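Written below as structure tokens is the structure these notes are about.
The values are calculated or read from the model by the stated rules, or taken from the named source; none is laboratory data. Because the structure is predicted, anything quoted here is derived from the model rather than measured. Cβ placement follows ideal geometry from the backbone for every residue including glycine, while neighbour counts extend to all protein chains displayed.
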Amino acid sequence: MIPEFANKVLIWFDQHGRKDLPWQQHPTPYRVWVSEIMLQQTQVATVIPYYGRFMQRFPDVLTLADAPQDDVLKLWEGLGYYSRARNLHKTAQRVRDEYACVFPTDRADMETLSGIGRSTAAAILSLSHGQAHAILDGNVKRVLARYHAVAGWSGEPRTLKQLWEHAEHHLPTQRNADYTQAMMDMGATLCTRSKPLCLLCPLQDGCKAFQQGKPQDYPGKRPKKDLPEKTALALLLRNNDGELLLQHRPPTGIWGGLWSFPEFADETAMADWLAQHFAQTCIVAARLPTLTHTFSHYRLHLQPLQVDLDAHPARIMEGNGWLWYKADTHFTGGLSAAVRQFFQNIE
DNA sequence: AAGTCGGGGCG
DNA sequence: CGCCCAGACTT
């Protein structure tokens, strides 16, 4: 049975929906899963080249599970939210070890995997197996919030609950994969955040926000709070081969698992560290322009200080989370956008 | 300059 | 449960 809402969505999909996205070709759970994780944080146009490189390097879940984490982060470089790449890797290993490389087909089992919550599990099972589950990503939230004039912000539990109820209510028992894709497409191409194309929308008739004449008022906005400002020093330590020291960051926190310049709260901390590791006084060769990086919850001002070593450094720093970065050689670890930008500037 | 995004993790 | 965390991109 296909409810009227879903019927309209499906008719629109047949004419206007996207059917040629890379992950729509051979939509196996693995291929859909990787695309969904990438799409959680990034728009389709940006994801496509990343997805192609990722599938080329990791064509199946076993290849991904067996790869070094550095390789995974390298292909994620620039996408942000690096915990998702780490979760992707971890989940691949669980699917290899606990499910013999075959993704579970039960939604509850799927949701125990790292990085897969209710909506992502539903999307994978819907798009790859046609199972009838509702999704609720940002696009679908917008469509439903407008159609039903749900005013609150989806970060509020009761608003989220209402949206899930609407999503479940409209679910068709047939053509679920097309319906899921259609809802995402409508949110992305028609029911956009600003300037929605209501005149082209198949749901215009029943849409409460349209009737009110103010689709832009939905969904409700996250209450804003001002960002704390933080500052730190980034040490650009150069040895006499012209190589720069990179530090493997801890697995959690900002830029987790990526490689970046050693960071210090102040020059005293930096000087102490240099004295301890290189028996060298801290002679700052250059103070480079401050880099400002904005995260969702604070703004970071990084002051790069260049220090040149006069003696050849001991090689004890190699391995164990440290390396000397050679500008002209291939480096397999992941770099944050800030570090990459920095390297681009000096090259 | 401000808004966006789904899920993890903690108390 | 309620709250905070994470980053590069679009508008």
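Structure values in brief
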quantity: Qualifying residue in the range A:33-49 (condition: at positive phi and touching a helix residue (DSSP H, G or I) at 6+ places or on another chain (Cβ under 8 Å)); calculated: no
quantity: Filter result (within 13 Å of DNA strand C (Cβ to nearest atom), in a helix (DSSP H, G or I) and either closer than 27 Å to A:V95 by Cα or charged (D, E, K, R) (or both)) within the range A:144-162; calculated: A:R158, A:K161
quantity: Exclusive hit being crowded, with 21+ Cβ neighbours inside 10 Å, within 16 Å of A:F5 (Cβ to Cβ) and more than 21 Å from the chain's Cα centre (by Cα), set A:R146, A:R175, A:R142; calculated: A:R146
quantity: Checklist (1) more than 16 Å from DNA strand C (Cβ to nearest atom); (2) under 29 Å from A:T46 (Cβ atoms) applied to A:K141, failing item; calculated: (1)
quantity: Meets criteria (of a type in the set (S, T, N, Q), assigned by TED's automatic domain parsing to the domain that holds A:L171 and more than 16 Å from DNA strand C (Cβ to nearest atom)) for A:T91; calculated: yes
quantity: Residue match in the range A:256-268 (condition: within 16 Å of DNA strand B (Cβ to nearest atom) and touching a residue at least 12 places away in the same chain (Cβ under 8 Å)); calculated: yes
quantity: Sole residue being among the polar types (S, T, N, Q) and closer than 29 Å to A:L73 by Cα, chosen from A:T268, A:T231; calculated: A:T231
quantity: Checklist (1) free of Cβ contacts under 8 Å to residues at least 40 places away in the same chain; (2) over 22 Å from the mean Cα position of the chain (by Cα) applied to A:P250, failing item; calculated: (2)
quantity: Filter result for the condition that a residue is assigned to a helix (DSSP H, G or I) and away from DNA strand C (no atom under 16 Å from the Cβ), over A:A123, A:A132; calculated: A:A123
quantity: Residue in the range A:70-78 that is surrounded by fewer than 16 Cβ atoms within 10 Å (Cβ to Cβ) and within 21 Å of A:L127 (Cβ to Cβ) present; calculated: no
quantity: Helices (runs of 4 or more DSSP H) within the range A:1-115 that include 2 or more residues over 18 Å from the mean Cα position of the chain (by Cα); calculated: A:4-16, A:44-57, A:61-66, A:82-99, A:107-111
quantity: Selection status of A:A275, without any contact (Cβ under 8 Å) to a residue 40 or more places away in the chain and more than 16 Å from DNA strand B (Cβ to nearest atom); calculated: yes
quantity: Residue in the range A:88-105 that is aliphatic (A, V, I, L, M) and in contact with a Gly (Cβ under 9 Å, 6 or more places away or on another chain) present; calculated: yes
quantity: Of all residues in the range A:257-293 being modelled with pLDDT of 85 or more and among the polar types (S, T, N, Q), the one that is nearest to the chain's Cα centre (by Cα); calculated: A:S260
quantity: Cβ pairs under 6 Å, 6+ apart, first in the range A:184-196 and more than 14 Å from A:K214 (Cβ to Cβ), second more than 9 Å from DNA strand C (Cβ to nearest atom) and not aliphatic (A, V, I, L, M); calculated: A:M184/A:N139; A:D185/A:G17; A:D185/A:R18; A:G187/A:N139; A:G187/A:R142; A:A188/A:N139; A:L190/A:C201
quantity: Residue within the range A:288-299 that is surrounded by 12 or more Cβ atoms within 10 Å (Cβ to Cβ), touching a residue at least 24 places away in the same chain (Cβ under 8 Å) and away from DNA strand B (no atom under 16 Å from the Cβ) present; calculated: yes
quantity: Qualifying strands (runs of 3 or more DSSP E) (wholly inside the range A:210-320; at least 2 residues being within 16 Å of DNA strand C (Cβ to nearest atom) and closer than 22 Å to A:R340 by Cα); calculated: A:229-238, A:244-248, A:291-294, A:299-308
quantity: Residues (more than 18 Å from A:S83 (Cα to Cα) and within 16 Å of DNA strand B (Cβ to nearest atom)) located in the range A:327-347; calculated: A:Q341
